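Some notes on the structure that comes next.
Here, each number is a calculation from the coordinates, and none is a lab measurement. Because the structure is predicted, anything quoted here is derived from the model rather than measured. Note that we place each Cβ from the backbone using ideal geometry, even for glycine, and neighbour counts take in every protein chain shown.
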Amino acid sequence: MSVIYHRVALIGLGLIAGSMGLRMKRDGLAGEIVGTARSAETRATALDLGLCDRVTETAAQAVRDADLVVLCVPVGAMAEVAADIGPHLKPGATVSDVGSVKRAVIEAVAPHLPPGVHFVPAHPLAGTEHSGPTSGFAELFDNRWCLLTPVNEASDATDRLARLWRAMGSNVDTMEPDHHDRVLAVTSHAPHLIAYTMVGVADDLRRVTDSEVIKYSAAGFRDFTRIAASDPVMWRDVFLNNKDATLEILGRFTEELFALQRAIRKGDGDHLHDYFTRTRAIRRGIIEAGQDTDKANFGRGDAP
């Protein structure tokens with residue numbers, strides 16, 4: 001493949017940035033990849049693993065002469081980083097991100113960008129429960145969606161960024177920011193919160209009853225709660241910055257849960273069977289759409 005950006009700056013060097021760096025280097029999509037992170041240890045690890053060509057101590061240094069700057073930091077840190085890099089961005093550069101919330105990111109970042117700099121927020125719907133520079137792998141984005149939520153109408157900057165994500169294996173679509181946040185509250189944010197809650201309940205039960213719920217947890221519990229191992233800082237910021245949509249979905253979830261609770265209490269087997277049949281069909285539709293697999297361990301194999 002041909003070079004899409006001559007210089008890319010990755011601000012933050014965790015799972016997503018690491019996977020981007022590995023994929024861009026493997027397929028020759030960037031002339032140079034510059035990375036930065038607050039931790040000197042993280043910067044050294046990223047360089048040793050070949051996630052980037054060079055690292056800098058500060059974000060301001062990393063973005064100099066960069067054609068593309070990707071903010072790979074928690075949502076709560078976006079405003080501070082944007083304010084730091086704004087004066088150092090070259091005219092015509094594109095700034096993007098990989099955050100799970102879009103409206104809050106736009107409000108945090110856009111005011112700090114100078115005229116002549118393009119802002120194209122993005123959200124790759126890919127990840128694992130692991131974090132940090134050692135968790136990245138080049139195939140992370142294969143056949144996964146990347147949603148772009150451009151601030152302005154279609155532009156060359158948006159098209160160019162879409163080319164990069166497609167070259168990294170993603171299916172690309174555009175979405176209005178508020179709609180994105182509502183959709184992701186259903187498909188990602190609420191499920192993570194519920195997973196965290198289930199692990200907390202299991203741990204409380206273990207301590208109160210001195211039972212071995214964790215030790216003997218079945219496959220269903222392990223599969224469902226896998227995402228509770230995700231980065232707590234990132235998810236704290238996601239919930240605080242998408243609270244309206246998340247609370248709405250949690251309200252609907254609670255109503256559904258109460259209905260199932262009533263059915264169990266009343267012994268209403270027909271209601272339970274009908275509900276499980278409908279949701280089973282939806283789950284099969286997700287697999288048929290290529291967004292998951294019915295293989296053991298979700299088809300991850302040895303991937304991180």
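Tabulated values for the structure
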read-out: Within segment 5-175, percent of DSSP bridges classed antiparallel, to nearest 5; value: 10
read-out: Answer label, with Cα extents along the principal axes in Å calculated from the coordinates and candidates (i) 68, 52, 41; (ii) 53, 52, 30; (iii) 66, 40, 34; value: (iii)
read-out: Low-density loop cleavage sites - GluC sites (Glu not before Pro) in segment 129-214, where at most 11 other Cβ are within 10 Å (DSSP); value: Glu153, Glu212
read-out: Sequence of Val73, Val120, Val199 once ranked by neighbouring C-beta atoms within 10 Å, starting from the fewest; value: Val199, Val120, Val73
read-out: Mean projection area, nm², convex hull over Cα of segment 5-175; value: 8.3
read-out: In segment 8-85, the GluC sites (Glu not before Pro) that fall in loop regions by DSSP, at most 12 other Cβ within 10 Å; value: Glu57
read-out: Of all DSSP beta bridges in the chain, antiparallel share, percent nearest 5; value: 10
read-out: For Ile264, Ile249, order by how many other beta-carbon atoms lie within 10 Å, fewest first; value: Ile264, Ile249
read-out: Loop sites in segment 148-257: chymotrypsin sites (Phe, Trp or Tyr not before Pro), DSSP, at most 16 other Cβ within 10 Å; value: Tyr216
read-out: Cut-off under 5 Å, modelled amide H: who pairs with Ser230 long-range; value: none
read-out: Three-way shape call for segment 1-65 based on the alpha-carbon gyration tensor, with the a/c threshold at 1.5; value: oblate
read-out: Set of lysines near Lys102 by C-alpha distance (under 16 Å), chain-local residues within fewer than 8 positions excluded; value: Lys243
